Structures are given as structure tokens and as C-alpha cells.
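J.: Next up is a structure, given as C-alpha cells.
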């Protein structure tokens, strides 16, 4: 989801593109647009944002440049976005953690969705369990059986504590009656993909988009 700062005088980007007869629309955009991605470069959110920016630039008289500001489960970048001048030239990307994890857990003082307003929903996808070819697992059931047989031995990579994937793996443990060796990665999902390929992980949990490259190559399987 892409957001902008919430202010009465703030222009909706979509409206500015359509209502070109108004004075305000004629003046917007007056300079390049900053798109804050609150995750490191190389992950799914980063790739989608760059693709979106590239497509949008074809219909706009200015450039859209990506700025990766990671940290605090997306709060670092989004708080910078919400504090920017409210003129529509700074927008940001929200993921599950931005909308659910941070507000529900009250994890970062000063972070609030009330300071933002949505202008477009870009993607909607469920998380998936991804396993490496080296793990030897050929089915989800086999993964669960191995975790039951030897608790804390099946290595599963997820985003930091409190994130959507972290909560997902804990819920899976509870529902399946297993215990994984959960390893968190503070960076983008590209670090988890590298860990899968090197044999550092048996599996990982994230959105399919985050692992599209290694899935298409056949190096990992996803369920």
C-alpha cells in the first residue's frame, strides 16, 4: 500500500493526475517524487516499488526515486515519510507490519497510521513456506513430521521478532504442535534467500513475491 502524509491541503496523487484542469493539479508535481520503501533493497517490497515507480514515470513529467530506509519493522522509514512536507512529493510503502504489527503491538512511540492516508492498494498476497532443495523436504507434511520427530532442528528463517512472518511461524508451531529452530533476519528477504541457497536454512516464511527469483530458478520450493 502506498501512502502520503495526511493533511487537508495534501493532494491525492491519483486525483492530481486526473483533474488536470484545476490550478492545484496543474502545479503538481512540481519536482521529483520521493518514494520511501521501509525495507532494505533487494526484497519483494523494494522490487515492486521500483517497478511501480518505473511505470508511473511514463505518465508523469518528473522522476520517482526510491529511498530505502529500513529499521524498526518499517517504522523508521514511515515516520520520516509522515514528517515530510505535506505537498504530495513524499510518499511511502506500507506492508503488513506497518498496518498490523506496529499499531497492535505499540512497538514504536510516535508511530501512528493517523498521520497517513492511503492512496492505492498495490498487492495482496499470503505468506508461504519456502524450502531449499538441499533440505530434502518435498512436501509441507514432511517438513512438519521432521520438526515433530526432532524439535528445534528444522531451521526456519523469518523477519525480525514481532513481524508478520515471525508471528506466522509461532502460530504454525502452536497449531502443528512442533518446535522449529527459528532464525530471524533483520535485513530484506534477500538475506533469507541467500541462506536457503547456502544451506544455512531449511525453510523460510515470507510472501511469494519475496522469493520469486529463486522459485523460478527451481532452487527452492514453495507451498
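The values are calculated or read from the model by the stated rules, or taken from the named source; none is laboratory data. Bear in mind the structure is a predicted one, so any value in this text is a computation, not a measurement. A quick note on method: Cβ atoms are made from the backbone with ideal geometry, for glycine too, and the neighbour counts reach across all protein chains shown.
J.: If residue 212 satisfies all but one of (1) out of contact with any strand residue (DSSP E or B) (no Cβ under 9 Å at 6 or more places or on another chain); (2) in a helix (DSSP H, G or I); (3) modelled with pLDDT of 90 or more, what's the number of the condition it fails?
T.: Evaluating residue 212 over (1) out of contact with any strand residue (DSSP E or B) (no Cβ under 9 Å at 6 or more places or on another chain); (2) in a helix (DSSP H, G or I); (3) modelled with pLDDT of 90 or more leaves (3) as the failure.
J.: Does region 164-179 contain at least one residue that is touching a helix residue (DSSP H, G or I) at 6+ places or on another chain (Cβ under 9 Å), surrounded by fewer than 17 Cβ atoms within 10 Å (Cβ to Cβ), under 28 Å from residue 69 (Cβ atoms) and not assigned by TED's automatic domain parsing to the domain that holds residue 69?
T.: Within region 164-179 (the criterion being touching a helix residue (DSSP H, G or I) at 6+ places or on another chain (Cβ under 9 Å), surrounded by fewer than 17 Cβ atoms within 10 Å (Cβ to Cβ), under 28 Å from residue 69 (Cβ atoms) and not assigned by TED's automatic domain parsing to the domain that holds residue 69), the answer is no, since none of the residues qualifies.
J.: Among the listed residues 182, 93, 158, which satisfies the condition of being modelled with pLDDT of 90 or more and more than 14 Å from the chain's Cα centre (by Cα)? Even if it seems obvious, please write down each step before you answer.
T.: Numbers: 93 fails: more than 14 Å from the chain's Cα centre (by Cα); 158 fails: more than 14 Å from the chain's Cα centre (by Cα).
So the residue among 182, 93, 158 that is modelled with pLDDT of 90 or more and more than 14 Å from the chain's Cα centre (by Cα) is 182.
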